[in-house]
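Taken together, the values in this text are just the output of simple stated rules run on the coordinates, not laboratory data. What you are looking at is a predicted structure, and each value in this text was computed from that prediction instead of being measured. With ideal geometry, Cβ positions are generated from the backbone for all residues, glycine too; neighbour counts draw on all protein chains shown.
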Amino acid sequence: MLIAYGEFLDYNVVEDQGKRCDDCPIGHVRSTHKAGVAVDLLLYDDDWIPIWTTDEFAKLHDFWDFIGGSERIVGDLGHFSLEHEGVR
């Protein structure tokens, strides 16, 4: 639903990082990516130029909040997750 909503907003939405292996050195030790309940998304405009503005990602985060996703993490624009064992 989130990707479809991003496309409805005329973004090209691409998965950057999804499931990570348990010994991945990137991110938090208890990362929700390791549990398989998080994904990082990249946004591109119609010319495939990356979008890095807070306002553009806020539209997706607001929708994510509306459909029951975890609260956004300040400074991590493209992170979308579900809470898992107290980590988001």
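Against the chain, whose longest principal axis is taken from its Cα atoms, helix 54-66 shows a tilt of about 60°. Annotation note: chymotrypsin sites (Phe, Trp or Tyr not before Pro) in the stretch 25-72 located in DSSP loop regions with a Cβ neighbour count of at most 16 within 10 Å are TRP48, TRP52. Over the chain, the pair-distance histogram of Cα-Cα distances with 10 Å bins from zero comes to 17, 51, 28, 5 percent, rounded to whole numbers. Paramagnetic label reach from THR53 (point 7 Å along Cα→Cβ; backbone nitrogen cut-off under 14 Å): within the stretch 1-17, residues 10-11. For the pair LEU9 and ASP22 in one chain, pulling the backbone fully straight at 0.36 nm per residue adds 1.2 nm over the alpha carbon distance.
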